[in-house]
Amino acid sequence: MNQGERQAVLDIKLIREHPQKVEEQLKRRGGKIDLSGFHASEAKLREIRVETEKLQARRNEISNEIGRRKAAKQDISDLFEEMKTLGPQLKNLETQLREQERIVESSLALIPNIPMESVPDGKDERDNVVLRYWPTEKSAGQEPFKPKPHWEIGEALGILDFEAGVQLAGARFTVLKGMGARLSRALINFMLDLHTGEHGYTEIMPPMLVNDRTLFGTGQLPKFEEDLFACRDNPLFLIPTAEVPLTNLVADRILEERQLPMRMTAWTSCFRREAGAAGKDTRGLIRQHQFDKVELVWITRPEESPQALEQLTLHAEEVLRRLELPFRTISLCTGDMGFSAAKTYDLEVWLPGQGCYREISSCSDTQAFQARRMKARFRRSGEKKTELVHTLNGSGVAVGRALVAILENGQQPDGSVVLPKALRPFMGGIEVITPPNP
């Protein structure tokens, strides 16, 4: 890791001292990045703070002088008059200071993370860089018969009921039945056993409802509130990913160096409004309002996070290898990365029924971006000074999309689906899902 990547973490001091450099780095993400409004708000904040501190200092001088004169039995009426005038002025300035601090914090909260130097430049997904294929021969797309999409396979097998999902909840909800429900449960258990038993993660069962402070810590609020499901009579939100509660387990904490790295995994249902996805993937399980996912989260020292991202990504890849699913690993370009990410790798699984690769895992290093919002720190051995931790997250992997990939890649000409060998012990030894008898 070079020094430039080590410093590429967003903080107010960096913006204040190197405004042009920060703007140049943020412009790599694409679009218009203008920090002039932030700088103006921050300048006004400093002015109000200086005036406030002057009046506070004068108030302290008057208090000391009153005490001295009283001891000397001298007149203090002039000081009382000045204090009467100063009090309301100071109260007004302190109110302005709190409001301006809120404005600056709100403005800062909307600025995305700075991309690492190793991230490829680009505007959108067309500029992403394919790093590797598995199998390496890139055999995907050479099916011996015309494959069907998973929604046709699932309905014919009687394991996916899209109409029932619409009836119960609405569009983008699905009912899994019989072998469909069992397959989903088997995938969850397989992934959790792999990550805890072989990859060294600690399994967590977190709440699926969290408060706004928790969502702010990982970067979903305030920018992406429209994508969240909120409770009507309680200030809580359904989680969009287990990354949110897992990462926030270190919020407002000072960890000891010996505790790092921390690796956590969790299965949860996830809930997203998909507000910006109108008209996209309206059929099947690809884009649902409710879906299951096994999440991976790392908490590391700053110098460890680049290598941790590589290892976390390999752990997600291993899930797909064990499930015998063709996939490719891509490095997202600057214009296609998420708000909190400094660098992201996506895993895309081959879906023969749709004739394309689709995302099944996204693995990101956020560096200190989330840690700064969460106030998550650590102390190196033998030192008093604390530092921000680095946080990483990735899907290990999306359960519904893995189910889709198994149906489409395992389908046979007779309509049956052959299950991956690694999954069969979790399915009670079942090797093939067959269509129901007519």
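The values are calculated or read from the model by the stated rules, or taken from the named source; none is laboratory data. Here the structure is a predicted model, which means the values were calculated and not measured. No Cβ is skipped: glycine too gets one built from the backbone with ideal geometry, and neighbour counts run over all protein chains shown.
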Selected residue (only one of K146, K138 is part of a loop (DSSP other than H, G, I, E, B), loosely packed, with under 12 Cβ neighbours inside 10 Å and of a type in the set (D, E, K, R)): K146
Where a residue in the stretch 131-156 is touching a residue at least 40 places away in the same chain (Cβ under 8 Å) and farther than 16 Å from A402 by Cα and its partner, wherever it lies, is among the polar types (S, T, N, Q) and part of a loop (DSSP other than H, G, I, E, B), with Cβ under 9 Å and at least six apart: Y133/S139; F145/Q412; P147/Q354
Within the bounds of the stretch 390-406, is there any residue that is under 30 Å from R258 (Cβ atoms), within 28 Å of the chain's Cα centre (by Cα), assigned to a loop (DSSP other than H, G, I, E, B) and polar (S, T, N, Q)? no
Considering only the stretch 342-360, state which residues are touching a Leu at 6+ places or on another chain (Cβ under 8 Å) and more than 18 Å from A140 (Cα to Cα). K343, T344, Y345
Could you pull out the residue among L45, L55, L35 that is among the aliphatic types (A, V, I, L, M), at pLDDT below 90 and farther than 26 Å from N128 by Cα? L35
Of the residues that make up the stretch 60-80, is at least one within 32 Å of the chain's Cα centre (by Cα), over 30 Å from M337 (Cβ atoms), surrounded by 12 or more Cβ atoms within 10 Å (Cβ to Cβ) and at pLDDT 90 or above? no
Got at least one residue in the stretch 159-166 being under 22 Å from A266 (Cβ atoms), at pLDDT 95 or above, loosely packed, with under 15 Cβ neighbours inside 10 Å and not acidic (D, E)? no
In this structure, does K293 turn out to be under 21 Å from A402 (Cα atoms) and in the same structural domain as S184 (by TED's automatic domain parsing)? yes
Among the residues of the stretch 396-413, is there at least one that is among the charged types (D, E, K, R) and within 30 Å of D252 (Cβ to Cβ)? no
Picked from the stretch 360-388 (must be surrounded by fewer than 18 Cβ atoms within 10 Å (Cβ to Cβ) and of a type outside the set (K, R)), the residue farthest from the chain's Cα centre (by Cα) is G382
Are there any pairs with C-beta distances below 8 angstrom linking a residue in the stretch 35-62 that is farther than 16 Å from R16 by Cα to a residue that is part of a helix (DSSP H, G or I) and of a type in the set (D, E), with the two at least 6 apart or on different chains, and if so which? T52/E94; I62/E82
Go through the stretch 170-191 and give me each residue that's closer than 14 Å to Q290 by Cα and not in a helix (DSSP H, G or I). G170, A171, R172, F173, T174, V175, L176
Looking at (1) surrounded by 14 or more Cβ atoms within 10 Å (Cβ to Cβ); (2) within 16 Å of T202 (Cα to Cα), which is the one condition that is false for T241? (2)
Selection status of S395, in contact with a helix residue (DSSP H, G or I) (Cβ under 7 Å, 6 or more places away or on another chain) and within 27 Å of L192 (Cβ to Cβ): yes
Could you please give the count of residues in the stretch 181-222 that are more than 18 Å from the chain's Cα centre (by Cα) and of a type in the set (V, I, T)? 3
